[in-house]
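Here is the structure we will look at, set down as structure tokens.
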There are 2 protein chains.
Amino acid sequence: MSGIEDVATLAGVSKATVSRALSGRGYVSAETRTRVSAAAATLGYVVSSSASSLVTGRTNNVGVIIPEINQWFFGSIIEGVERALLDRGYDLMLYNTTKTVEERSRVFEYFLVRKRVDAVIAVTLEITAPEAERLLSLGKPIAGIGGPLVGIPTLSIDDIEAARLATEHLLLLGHRDIVHVGGDIDEQMDFHVHSKRLRGYREALEAAGIRYDSDSHVATPFDIPGGYRVGKQLLGDPRRRPTAVFAACDEVGIGVILAARELGLSVPEDLSVIGIDDHPLSEMFGLTSIGQRPDLQGEQAVDWVIRQLEEPGWTPPSKHTFVPARLVIRSSTAPPRR
Amino acid sequence: MSGIEDVATLAGVSKATVSRALSGRGYVSAETRTRVSAAAATLGYVVSSSASSLVTGRTNNVGVIIPEINQWFFGSIIEGVERALLDRGYDLMLYNTTKTVEERSRVFEYFLVRKRVDAVIAVTLEITAPEAERLLSLGKPIAGIGGPLVGIPTLSIDDIEAARLATEHLLLLGHRDIVHVGGDIDEQMDFHVHSKRLRGYREALEAAGIRYDSDSHVATPFDIPGGYRVGKQLLGDPRRRPTAVFAACDEVGIGVILAARELGLSVPEDLSVIGIDDHPLSEMFGLTSIGQRPDLQGEQAVDWVIRQLEEPGWTPPSKHTFVPARLVIRSSTAPPRR
DNA sequence: TTCCCGTGTGCAAACGCTTCCAGAATCCTA
DNA sequence: TAGGATTCTGGAAGCGTTTGCACACGGGAA
């Protein structure tokens, strides 16, 4: 394992020059630079990141806190973040933590406590103002996916708007009897995604002059089996069956479609279904959806923190950023059967 | 940001004693230890990992190379690895890289080149002997999920055996006309998982005295749409329709089930389907499967590398380890109709 | 009593870089 | 031609820890 000293002697220069030549900082003549690079190459030299971190105070690591991995939304974010980080020469330290409050604060302390990351990207993690303050005061940029969050740049789709869009699509097709299959409102984490989507749905309904009652909304876990179970229940009774379902995410929507099929209903003739996400499976099921791109959200968050690190004076948007979500019409929605 | 010096003066001892008290190495009287801890706590002191890495040569990071994130198998591995690593006080550096040869070697160089990780866990990455040699000679333990791989401890289910088990289950039920829907044999990476599963299937068939011909096997991507497309094609022609399908993974199996339903066939009456994985969705579809636990595989790999790091003299198994895979019977398999 | 060993502590030397500073050489401008 | 600005290089001082070594102290064995 050769050090900078070896490279220096081989190239016939000082350690200082090697450092400058290799890092590209400061003046080095072209000739010297090539000689140093050659020496480094023959020795297989590579700088010790601990040593340089020690003096520069930079680790070139970015920490990512994420509550799930095995879900399309979160997995895609990680992919986007990873790609963007590696492109810029940073490494990704992954912290998978559940959403319970204790766990959350433990992880948070963990981050504050470590001198191991230059920045933090928090996915679906409600960081309180004092916590953010503390992190920021340590000079560590932080960005959030989900939000809004005070004092921290955050981004997400506009959940209310997306839900409204989805509901309006159904309304426009002529549906009046639309059930929303969403998440559990009592889950307080997650930036109230569930209640926001419910709200967008209600607002669209009310704008169309349709009464909303508590039967119009049913909660279930955000996965295919969750949608399936609710679908079975909801569609089982013919006299209470809606003509359309707005599912709070595509997995749930797919579950509902499967339940409908199993009950002998055809989609969209007997039932229209719309979801949110544009999940990779949605195309196969013909599921109409409000699409979003979690991978791009991850890239955006990376961009924010890295620019703060590298461009002195640059500051990220001070308010929450809404990323686009667009309607993708497929074959699961149609006018209600006369 | 207070350093060890501050703690030392506050506690009225030397830096050396602080270091020993906090790290638990060397002799420190109980009284001193508590005084130091108190001082550290009031100052909010935390050791600089770069500084201690510089002297100890340890980073407390483990690198994980993985080709995918957004797939159940890989996501579960990451979850298991992350959990095990955090429990032991290590951080996880994630490298998501595709399986193409150039990418692979690039990442590999990347790892060799960095002095940032203490160990490497390679998931589904065929590391060549010289590469392994190099990593090992740097004193960095390495473990692989997938394999076998010479010179590196690896683990995986026994793919041949799993495929045989699945096929035998169908044979035992009385099926003689079984098609294997697997992966593309020409994909050379992945430790030949595809060809191993094909082989287990063939061997079971041959042992039962059933002729295998090239029609018996069809390749498709390892996901639900892949299984669905093949299913549609395969089951479309009634006179060439098998009585059972052995899918190389559950996603494919689920796709086949969906295709069958859509063609009006009922499972298992008209068609039996079995997969491999015991995917979370399989229960909902009643899919019989050969189950495996990627999360535990991840934990096992972590155990190997960490023990090598922490227990001098300990060596991991020198041969490939097969982890258990067990038959989970659900409702997608039954004797063939009449 | 003497000697040795197990404890407890501090000093100072690394660990492998980056960067400030100073000095030398070269170049441009007046 | 003088003088300042620019480019290039090396020496040396850290960065914040860990750890080898030396030393002091006490208790038990001989």
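Numbers below:
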read-out	value
For region A:156-304, diffusion coefficient by Stokes-Einstein and Kirkwood Rh (Cα), 25 °C, 0.890 mPa s, µm²/s	161
Å² per residue, accessible surface of the protein assembly as shown at 1.4 Å	43
Solvent-accessible area buried by A and B, counting both chains, probe 1.4 angstrom, square angstrom	4000
Estimated distance in nm for a label pair at A:Arg58 and A:Glu269, the labels positioned 7 Å out from Cα along Cα-to-Cβ	6.4
Alpha-carbon Rg/Rh ratio, for region A:90-220, with Rh computed the Kirkwood way	1.11
Label geometry 7 Å along the beta-carbon vector: B:Ala16 inter-copy distances in nm	3.3
Accessible carbon and sulfur surface of chain A relative to its total accessible area, %, 1.4 Å	52
Most to least packed among A:102-109, B:4-11, B:77-84 [average Cβ atoms within 10 Å]	B:77-84, B:4-11, A:102-109
Other-copy label distances relative to B:Thr34, 7 angstrom Cα-Cβ extension, nm	6.8
For B:Leu165, solvent-accessible area (1.4 Å; no DNA, RNA or ligand), Å²	50
Computed label-point distance, nm, for sites B:Trp314 and A:Arg240 using a 7 Å Cα→Cβ extension	5.7
Under the Karplus curve 6.51 cos²θ - 1.76 cosθ + 1.60, θ = phi - 60°, whole-Hz ³J(HN,Hα) for region A:201-217, x wherever Gly or Pro sits	4, 4, 4, 5, 4, 5, 4, 8, x, 9, 6, 9, 10, 4, 5, 6, 10
Over chain A: helical MRE at 222 nm, DSSP H runs n ≥ 4 each giving -39500 (n - 2.57), nearest 500	-14000 deg cm²/dmol
Label point 7 Å beyond Cα along the C-beta direction, distances from A:Arg337 to other copies (nm, shortest first)	2.6
Theoretical FRET efficiency, 1/(1+(r/R0)^6), r = Cβ-Cβ of A:Arg106 and A:Glu161, R0 25 Å, to 0.05	0.15
Rg and Dmax of region A:4-47, Cα atoms only, in Å	8.8, 24
Karplus-derived HN-Hα couplings along region A:264-274 (A = 6.51, B = -1.76, C = 1.60, θ = phi - 60°), whole Hz, x at Gly and Pro	x, 8, 9, 9, x, 4, 8, 7, 9, 9, 9
Cα pair distances in chain A, grouped into 20 Å bins until the bin that holds the longest one, percent each	28, 42, 21, 8, 0
Contact order relative to length of chain B, as percent, for alpha carbon pairs under 8 angstrom and 6 or more apart	17
Under 5 Å, built H, 5+ apart or other chain: amide partners of A:His180	A:His217, A:Val218, A:Phe246
Inter-chain shielding of A:89-97 (mean C-beta neighbours from other protein chains, 10 Å cut-off)	5
Karplus (6.51, -1.76, 1.60) ³J(HN,Hα), θ = phi - 60°, over region A:234-239, in Hz, Gly and Pro reported as x	5, 8, x, 8, x, 7
Exercise: per-residue mean of other protein chain Cβ atoms within 10 Å, A:78-88	2
Quotient of Cα Rg and 2.2 N^0.38 Å for the protein assembly as shown, N being how many residues it contains	1.08
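The values are calculated or read from the model by the stated rules, or taken from the named source; none is laboratory data. Because the structure is a prediction, the values reported are computed rather than measured. Every residue, glycine among them, receives a Cβ derived from its backbone with ideal geometry; neighbour counts consider all protein chains shown. Just the protein is used for accessible areas: all its heavy atoms, side chains included, with ligands, DNA and RNA removed. Shrake-Rupley method; radii C 1.70, N 1.55, O 1.52, S 1.80 Å.
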